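Reading through the structure tokens given below for one structure.
The values are calculated or read from the model by the stated rules, or taken from the named source; none is laboratory data. Since the model is a prediction, treat every value here as computed from it, not as a measurement. Cβ coordinates were reconstructed from backbone atoms using ideal geometry, including for glycine residues, and neighbour counts include every protein chain displayed.
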Ligand code: SAH
Ligand code: SF4
């Protein structure tokens, strides 16, 4: 078995079949998880699918005939009102609330640091339980407000299965996959911190037997006091939809979502559920480095928007930047994109392309890029490289990015350059964690205090 006794949880998948040289052959493509998730004695109900929630209710004696209705009620309290306390679920009997409280929690991932940039970008460093109590894990979640939307960037793994050479997460070990609850929990806690619940509830009529007071209460009682953003400094998702601060979700934080397929699929179903968090699948984007067998599966089983981390136009270079390319080369990747279910001009694939100085940013690369994706309804997202301590890559010069972008634009593709956001608090996803790891214990405590108080 390849890699069965490899150190550091690495699976030594080799590239012998792609004819690479010996040095490349030894480099790992995928890592194995080092830990498993251990469910706490009192699990959280956040993020369970409706059927798992119904089973959980059955487990504490809720009769079969009542379960559907109870699930619906709890769902509303969890995902429309955002309550953090069973006692606030006033449509449930006192006995049921007490029973729920005895067996479950409504816990979200613990916030250990919150940073707010001058441009409104917020980052949360989150602590998740480890296999043993003394080794918790940190992941991050970033909120980016823009004029017409508010995008939440969420993580799918602690570390990453893969090891892209320009990505800081890629240099870390894969510790474990996140559970659906931990993935949904990131959206829920962002709504907590942004006081985004009340707005979602504002346009809804009160539940039967419930006055305005109960609705007001649901927005309070946060275990973590909220640094409330004022309505004027945060965007509102427009159109005829309910106004929300978190209007879009991108799976572009830590981890490769298609290597945690089932949990990501189930979590995104909860996030898209129309009676709850209610984010349309058109507003959810899953980014993958190219796990080919799961791309078409994502189209049928998840149905979100798709982003592909392309970053290179030849197999030779992509093998170095995104070593997974040795397993699933460009031809197979683009074929999977062409077959992505539901692909149309209204539902395009986004190709992400990180701008690395002198590596992949020549104008010949730009021309090859448009040739490569010809015929695929696509957008191209040029990402300025975000350097991290120890990397040898540099971000392309701005003039070069502009020239590159012009070629892409002239070929008929929208090619927005992703504006670096939150530079003052370390911009890219994957970097809050590295910044915090360098802090002294005293600074950590100070950051923690900042997150917990207002
Ligand atoms: N694993 C998935 C999703 C997370 S990474 C994927 O690779 O698609 C989200 C995006 O950020 C990817 O396009 C990734 O290539 C890019 N990225 C990673 N590190 C970066 C860095 N240092 N600077 C700019 N973009 C980076
Ligand atoms: Fe993992 Fe994505 Fe980083 Fe590659 S770019 S190492 S797939 S998080």
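Within segment 164-184, how many residues are away from ligand 1 (no atom under 15 Å from the Cβ) and outside any loop (DSSP other than H, G, I, E, B)?
Of the residues in that region, 5 qualify.
Collect the residues in segment 244-295 that are free of Cβ contacts under 8 Å to residues at least 60 places away in the same chain, surrounded by fewer than 21 Cβ atoms within 10 Å (Cβ to Cβ), under 30 Å from residue 72 (Cβ atoms) and within 16 Å of ligand 2 (Cβ to nearest atom), keeping them in residue-number order.
261
Looking at (1) away from ligand 2 (no atom under 14 Å from the Cβ); (2) in a loop (DSSP other than H, G, I, E, B); (3) more than 21 Å from residue 262 (Cα to Cα), which one does residue 340 not meet, given that it meets all the others?
Answer for residue 340: the failing condition is (3).
For the condition within 14 Å of ligand 1 (Cβ to nearest atom) and touching a helix residue (DSSP H, G or I) at 6+ places or on another chain (Cβ under 7 Å), what is the one hit in 376, 349, 302, 383?
Residue meeting the stated conditions: 349.
Just checking, does segment 114-121 include any residue being within 16 Å of ligand 1 (Cβ to nearest atom) and at pLDDT 95 or above?
There is no residue in segment 114-121 that is within 16 Å of ligand 1 (Cβ to nearest atom) and at pLDDT 95 or above.
Regarding segment 163-172, can at least one residue be identified that is within 24 Å of residue 85 (Cβ to Cβ) and either within 16 Å of ligand 2 (Cβ to nearest atom) or at pLDDT 95 or above (or both)?
The answer is no; no qualifying residue exists.
Pull up segment 361-388, narrow it to residues that are within 16 Å of ligand 2 (Cβ to nearest atom) and in a loop (DSSP other than H, G, I, E, B), then point me to the one that is farthest from residue 346 (Cα to Cα).
Selected residue: 388.
Tell me the residue from 324, 317 that is within 13 Å of ligand 1 (Cβ to nearest atom) and in the same structural domain as residue 413 (by TED's automatic domain parsing), please.
Selected residue: 324, the only one of 324, 317 that is within 13 Å of ligand 1 (Cβ to nearest atom) and in the same structural domain as residue 413 (by TED's automatic domain parsing).
In the set 393, 328, 353, which member is in contact with a strand residue (DSSP E or B) (Cβ under 7 Å, 6 or more places away or on another chain), at pLDDT 95 or above, surrounded by 17 or more Cβ atoms within 10 Å (Cβ to Cβ) and in a loop (DSSP other than H, G, I, E, B)?
Testing whether each residue is in contact with a strand residue (DSSP E or B) (Cβ under 7 Å, 6 or more places away or on another chain), at pLDDT 95 or above, surrounded by 17 or more Cβ atoms within 10 Å (Cβ to Cβ) and in a loop (DSSP other than H, G, I, E, B) leaves just 393.
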